[in-house]
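Structure first, then comments.
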Amino acid sequence: MSFDWDQIVGQLKTSSPSLYIWLEKSTASCDEKENKCIIEVPSGLHKKNLNEKYSEAILNILKKSINDSVSFSVEVSKSQASQKNVEPKITIKEQQIPLPLDSPAGHIPYLNTKFKFDNFIVGDSNRFAHAASKAVAEAPGQTYNPLFIYGGVGLGKTHLLHAIGNLVYEKNPQAKILITTAEKFIFDVVQHIGSGKMADFKEKYRSVDLLLVDDIEFLQKGIQAREEFFHTFNDLSNLNKQIVATSDSPPQELNLEDRLKSRFAAGIIADIQPPNFETRVAILKLKARDMNKIVPDNVLAFLAEHVDTNIRSLSATFSTLVALSMQTGSEIDLDLAKQALKVTNPSFDSNKKIGIDLIQQIVADYYNIKVQDLSSRKRPENIAMARQTAMYITRNLTDYSLVQIGQYFGGKDHTTVMHAIKKVEHMIKADDKFRLAMDELVARIKK
Ligand code: ADP
Ligand code: MG
């Protein structure tokens, strides 16, 4: 019985992330005579969870890849059983989403229909790249050609590239679209040369209306492929066919021939920068909506504040949070978000600085209200006062921006935060008793 367990598990990453977490470190072997498979997992906890929660799902998977009467058991792997407490590594790496082999877009292999303009959040960091991509998709070969998109890892280059392909396809299903990566391109060149079928290669690449090439920096590694790419490029642009490429750095910084670089420079070059706080919150909101989860504003703010490197890590942390909440059956709150962050970012230290949650807790206790009330829209005098006080203290004891503070207090506008701070400042000046009360509160928080 031969089947590719790793591949099966790999696909679960997108179709069933929570099961994926528990199978990520597993191996499987099947006995043909007994028609039985043994799945080896790293710990007793894995075994327990899989048996209790996922046995039906696993059986279905095995039935699909082997046969209808197959059975299975879960065993703790001998080599790993000696390591005590092997906790599951709950990281959902969104890195290489397995591309569907028979693409649901129709006849375009490797075009990932998940990546659309509709689900791409636009902010200052990617506004230009987004606009250029959209313009290209709406009139391929007629506006910006070639379009070169560059930026750091996990910032949305691949997403935009596929979004272009999807939109062109939607508008014109007859359009010949070829989406690939520079790595695959190199491989293709080598294969065609090997089999002496370069004519096929030329036909394949030069008959398209739209050529989308991801991660062009890989071309630095293949001299022969570079040559081929250059010719493909020339022929396509002479025919006014659209080319879009992505890369981790701008053309001039790539180690490629000048003639190729100047070809890119002749088109339009758009960069993508890391997203700012507001964009990160917006992306998280979109993820939450996609996954049908209700996530409190303070949790969104917390994640957006702490994961600021790239969108892939942000998504991974969010998926981890959702998975944790499903596994433990607890609701999504700040505590769980901290746990999720520790999983995806082990160096995260929640005690490093005074957090808004501590301020909120102490202020709420002081005013004898619930912490949630601080983020609500409730307006009774004591709640409004507590909220304004907490905003003021946060502004003074932390380096959160007005926008961030607003987000932590129920998604309020930054002008509301500013108003609260002004009001409290005024009261401190005008009312000695209030000032003393404030001093005491701040002392408690700092302790
Ligand atoms: P890159 O190719 O630049 O390394 P990707 O395009 O693979 O990054 O993006 C990483 C993840 O982040 C993907 O899941 C993608 O959908 C998501 N993503 C990136 N930018 C955005 C955005 N602006 N809005 C929504 N999701 C985004
Ligand atoms: Mg990419």
*Within region 350-359, is there a residue that is modelled with pLDDT of 90 or more, in a helix (DSSP H, G or I) and under 26 Å from ASP413 (Cα atoms)?*
yes
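Based on this model, can you work out whether VAL213 counts as within 19 Å of LEU260 (Cα to Cα) and among the hydrophobic types (A, V, I, L, M, F, W, C)?
Details: within 19 Å of LEU260 (Cα to Cα): yes; among the hydrophobic types (A, V, I, L, M, F, W, C): yes.
When the stated conditions are applied, VAL213 passes them.
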*What tally of residues in region 181-214 results from selecting those that are among the β-branched types (Val, Ile, Thr) and assigned to a strand (DSSP E or B)?*
2
*What number of residues in region 138-176 are closer than 29 Å to ASN310 by Cα, hydrophobic (A, V, I, L, M, F, W, C) and in contact with a strand residue (DSSP E or B) (Cβ under 9 Å, 6 or more places away or on another chain)?*
8
_Yes or no: region 134-148 includes at least one residue that is touching a Leu at 6+ places or on another chain (Cβ under 9 Å), within 16 Å of ligand 2 (Cβ to nearest atom) and either within 30 Å of THR317 (Cβ to Cβ) or open to solvent by 20 Å² or more (accessible area, probe 1.4 Å) (or both)._
no
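Going residue by residue through region 78-97, is there one that turns out to be part of a loop (DSSP other than H, G, I, E, B), at pLDDT 65 or above and either in contact with a Lys or Arg (Cβ under 7 Å, 6 or more places away or on another chain) or not basic (Lys, Arg) (or both)?
Pass one, region 78-97, residues part of a loop (DSSP other than H, G, I, E, B): 82-97.
Imposing the further condition that a residue be at pLDDT 65 or above reduces the set to none.
No, region 78-97 contains no residue that is part of a loop (DSSP other than H, G, I, E, B), at pLDDT 65 or above and either in contact with a Lys or Arg (Cβ under 7 Å, 6 or more places away or on another chain) or not basic (Lys, Arg) (or both).
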*Pairs, first more than 14 Å from LEU12 (Cα to Cα) in region 48-59, second of a type in the set (Val, Ile, Thr) and open to solvent by 50 Å² or more (accessible area, probe 1.4 Å), C-beta under 6 Å, six or more apart*: none
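Within region 386-413, can you find the residues that are hydrophobic (A, V, I, L, M, F, W, C) and open to solvent by less than 20 Å² (accessible area, probe 1.4 Å)? Spell out the reasoning first.
Restricting attention to region 386-413, the residues satisfying the condition of being hydrophobic (A, V, I, L, M, F, W, C) are 386, 390-391, 393, 397, 402-403, 405, 409.
Once the filter is applied, which keeps residues that are hydrophobic (A, V, I, L, M, F, W, C) and open to solvent by less than 20 Å² (accessible area, probe 1.4 Å), region 386-413 yields ALA386, ALA390, MET391, ILE393, ILE405, PHE409.
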*asked:* Which of the numbered conditions does LEU212 fail, given that it passes all the others? Conditions: (1) open to solvent by 10 Å² or more (accessible area, probe 1.4 Å); (2) touching a residue at least 24 places away in the same chain (Cβ under 8 Å).
replied: (1)
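Is one or more of the residues making up region 185-204 within 15 Å of ligand 1 (Cβ to nearest atom), among the hydrophobic types (A, V, I, L, M, F, W, C) and out of contact with any Lys or Arg (no Cβ under 7 Å at 6 or more places or on another chain)? Before the answer, list the steps.
So in region 185-204, the residues within 15 Å of ligand 1 (Cβ to nearest atom) come out as none.
No, region 185-204 has no match at all.
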*Is it the case that region 121-132 has a residue that's away from ligand 1 (no atom under 11 Å from the Cβ), more than 18 Å from the chain's Cα centre (by Cα) and open to solvent by less than 20 Å² (accessible area, probe 1.4 Å)?*
yes
_Tell me whether region 309-320 contains one or more residues that are open to solvent by 10 Å² or more (accessible area, probe 1.4 Å) and away from ligand 1 (no atom under 13 Å from the Cβ)._
no
*Hey, any hits in region 248-256 for a residue that's closer than 23 Å to LEU111 by Cα, buried (at least 20 other Cβ atoms within 10 Å of the Cβ) and within 16 Å of ligand 1 (Cβ to nearest atom)?*
no
*Before we move on, is ASN292 open to solvent by 50 Å² or more (accessible area, probe 1.4 Å), under 30 Å from LYS116 (Cβ atoms) and within 19 Å of the chain's Cα centre (by Cα)?*
yes
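Please enumerate the residues belonging to region 112-163 that are part of a helix (DSSP H, G or I) and over 15 Å from PRO275 (Cβ atoms).
ALA131, ALA132, SER133, LYS134, ALA135, VAL136, ALA137, GLU138, THR158, LEU161, HIS162, ALA163
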*Just wondering, is there one or more residues in region 149-164 that are without any contact (Cβ under 8 Å) to a residue 24 or more places away in the chain and open to solvent by 10 Å² or more (accessible area, probe 1.4 Å)?*
no
*So which pairs qualify, if the first residue must be in region 296-315 and aromatic (Phe, Trp, Tyr), the second must be crowded, with 22+ Cβ neighbours inside 10 Å and modelled with pLDDT of 90 or more, the Cβ gap must be under 7 Å, and the two must be at least 6 apart or on different chains?*
PHE302/ALA337
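The values are calculated or read from the model by the stated rules, or taken from the named source; none is laboratory data. Because the structure is predicted, anything quoted here is derived from the model rather than measured. Every residue, glycine as well, gets a Cβ built from its backbone with ideal geometry; the counts of neighbours run over all protein chains shown. Areas reflect the complete protein model, heavy atoms only, side chains present, ligands, DNA and RNA absent. Shrake-Rupley method; radii C 1.70, N 1.55, O 1.52, S 1.80 Å.
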